[in-house]
Amino acid sequence: MALSDFDLVLFGGGGDLAMRKLLPALYARDRAKDLPASARLICVGRHESSTAQFLDAVNETARPHIPEANFDAALWASFCNRITYVALDADDLATYPALTAVMRRDPGLTRVFYLATPPGLFAHICQNLAAAGLANDQSRVVLEKPLGRDLASAKQINKDVGEVFAESQIFRIDHYLGKEGVQNLLALRFGNVLFEPLWRREWISDVQITIAEEIGVGNRMGYYENSGALRDMLQNHLLQLLCIVAMEPPLTVTPDAVRDEKLKVLKSLKRFTHTTLAQNVIRGQYRAGHVGGAPVPAYRKEPDANPASRTETYVAVRAEIDTWRWAGVPFYLRTGKRMADQLAEIVVRFKPIPHSIFAQPTGSFQPNCLVIRLQPDEGLHLNLMAKTPGDGMRLKPVELELDFRETFKTPRMDAYERLLLDVLRNQLTLFMRSDELEAAWEWVEPILDFWEHEDNEPIPYTAGSWGPAAASALIGRDGLQWREEALPEV
Ligand code: BG6
């Protein structure tokens, strides 16, 4: 579907996200000829500078994030031609005429305000856009995380933004939903009959969802120290993945049909009490170690770190969903920085066979296991038992593999490219609704309270490992192992 002409206003236009992700993603879509010829990007920042000076910064900072193979100097020049820079103090209505002056007024033009700013500015920006007459019924607003730091602040954001924009105009980004692999999970579940009958407590023993990162906090210490892994990754990305794994089939892929089902999952997550929290949630913080062969310092020794920090860089949770489909099935969620590998995957483990008809005992059969790999490669792995060739009936685990890059040789779209296109097409399915956001915070809030008020420290783990030993014990209590622990040594 061709996009209609637009003005995209990027608050935080000179910031890290704009330079690393948003401008390169828009360039990629321009290169793919998705952007209408007259579409414009208005980058808004606090610093006084001309558009020419801003473009120098874009060349220096955003351009290196475009893969060399995709770079074309003439195209880049025409992309840069779309950009206008406006210096403005987001808090101060008196500075908004500078923005009004450059925006087009044509009826029918799509107007998008992308707020890649700290959330403390959301309310003022929305009010000022309304007061300046820039926000109207046709405008859209895109909100970047962090969308709050607890339930109260998330509600406040919803309220403030909701005073200016209707829910149907608000795009809350969770970039994980824009990943190809996540959408493939929808295709796997609802485009095939094979798994759906088995996708329930009768046949599934447990589900593991892992987002492991080798990187540390980089230059984001200021943000991360006040956030931690629970707020930064679990409340949003991991819970969104869990929703897609666990939701009932939506009626259609229309926004509310999908979001209604995700909301039901969030609402049926079993609430933690103080006792169950201590048993089911592990938080860790990395100490010095080696990642990819190179030494890395402890989190508390990173540049600008608080040497007594209690911020968690790792979290593992054993969650349960109280529904007919999932009652009693543990969902293990974990994420961490400075882990042994860079990987995001969902592991669905099926129950063991009930009885062995072969000479081998039931216990020697590896239960079937479906691995949905989201990163770094996208693919599916299905473990089955097969007979080894030759005399006798000896069975052994084998793997069916599907590599999506091999299967589809077409160019990939980065999550932000996909989500920006959806904003411009006014397609809300992959964006969180206000009630989803609040339900996710509601569930994690007891964990935050517990950590804040109880005298408990994060458990240290060595950088470059798979996290604290307590996380192995968490899953081990159910007689299970994290996938990498269960794999044979190579
Ligand atoms: C962001 C977090 O939302 O997701 C970062 O703030 C994290 O801390 C990033 O590194 C991970 O995203 P991806 O797409 O690289 O897995």
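Worth a mention:
- The criterion of being more than 25 Å from Val217 (Cβ to Cβ) and without any contact (Cβ under 8 Å) to a residue 60 or more places away in the chain does not hold for Ala327.
- Residues of the range 292-317 classified as assigned to a strand (DSSP E or B) and surrounded by fewer than 23 Cβ atoms within 10 Å (Cβ to Cβ), total: 3
- Those helices (runs of 4 or more DSSP H) lying entirely in the range 20-87 with at least 2 residues under 26 Å from the mean Cα position of the chain (by Cα): 23-31, 51-61
- Residue ID - farthest from the ligand (Cβ to nearest atom), chosen from residues in the range 251-263 that are in contact (Cβ under 8 Å) with a residue 40 or more places away in the chain and not in a helix (DSSP H, G or I): Thr254
- Any hit, the range 326-338, residues being in a helix (DSSP H, G or I) and of a type outside the set (Asp, Glu): no
- Filtering the range 116-152 to residues that are aliphatic (A, V, I, L, M) and away from the ligand (no atom under 16 Å from the Cβ) leaves Leu121, Ala123, Ile125, Leu129, Ala130, Ala131, Ala132, Leu134, Ala135, Val141, Leu151, Ala152.
- Just so you know, in the range 110-127 the residues that are surrounded by fewer than 17 Cβ atoms within 10 Å (Cβ to Cβ) and modelled with pLDDT under 95 include one that is farthest from Ile157 (Cα to Cα), and it is Pro118.
- Taking every residue in the range 174-198 that is in contact (Cβ under 8 Å) with a residue 24 or more places away in the chain and pairing it with any residue that is of a type in the set (Lys, Arg) and assigned to a helix (DSSP H, G or I), at least 6 positions away or on another chain, the pairs with Cβ-Cβ distances below 6 Å are Gly178/Arg418.
- Any hit, the range 409-423, residues being under 20 Å from Thr335 (Cα atoms) and in a helix (DSSP H, G or I): yes
- Conditions (1) away from the ligand (no atom under 16 Å from the Cβ); (2) surrounded by fewer than 22 Cβ atoms within 10 Å (Cβ to Cβ); (3) under 23 Å from Gly148 (Cβ atoms); number of the one not met by Leu266: (2)
- Of the residues in the range 329-351, none is modelled with pLDDT under 95 and either closer than 24 Å to Glu445 by Cβ or more than 16 Å from the ligand (Cβ to nearest atom) (or both).
- A single entry from Ala98, Ala130, Ala123 fulfils the requirement of being in contact with a helix residue (DSSP H, G or I) (Cβ under 8 Å, 6 or more places away or on another chain), of a type in the set (A, V, I, L, M, F, W, C) and assigned to a helix (DSSP H, G or I): Ala123.
- Each residue in the range 308-322 was checked for being in contact with a helix residue (DSSP H, G or I) (Cβ under 6 Å, 6 or more places away or on another chain) and of a type in the set (Asp, Glu), and 1 pass.
- Residue match in the range 336-356 (condition: more than 27 Å from Phe404 (Cβ to Cβ), surrounded by 20 or more Cβ atoms within 10 Å (Cβ to Cβ) and not aromatic (Phe, Trp, Tyr)): yes
- Close pairs from the range 199-221: first of a type in the set (Phe, Trp, Tyr), partner surrounded by fewer than 21 Cβ atoms within 10 Å (Cβ to Cβ), Cβ under 7 Å, at least 6 apart: Trp199/Arg189; Trp203/Phe350; Trp203/Lys351
- Leading residue by the ranking (surrounded by the most Cβ atoms within 10 Å (Cβ to Cβ)) among those in the range 217-248 that are within 11 Å of the ligand (Cβ to nearest atom) and assigned to a loop (DSSP other than H, G, I, E, B): Val217
- For the range 202-216, taking the residues that are more than 12 Å from the ligand (Cβ to nearest atom) and not small (Gly, Ala, Ser), the one that is surrounded by the most Cβ atoms within 10 Å (Cβ to Cβ) is identified as Ile209.
- Residues of the range 428-456 classified as over 19 Å from Lys179 (Cβ atoms) and assigned to a loop (DSSP other than H, G, I, E, B), total: 4
- Scanning the range 168-199 for residues that are away from the ligand (no atom under 16 Å from the Cβ), surrounded by 15 or more Cβ atoms within 10 Å (Cβ to Cβ) and not in a strand (DSSP E or B) yields Gln169, Leu186, Leu188, Arg189, Phe195, Trp199.
- Some residue of the range 35-44 being crowded, with 18+ Cβ neighbours inside 10 Å and not aliphatic (A, V, I, L, M): yes
The values are calculated or read from the model by the stated rules, or taken from the named source; none is laboratory data. Predicted model only: the values in this text are computed from it and were never measured. Methodologically, a virtual Cβ is constructed for each residue, glycine included, from the backbone with ideal geometry; neighbour enumeration extends over all protein chains shown.
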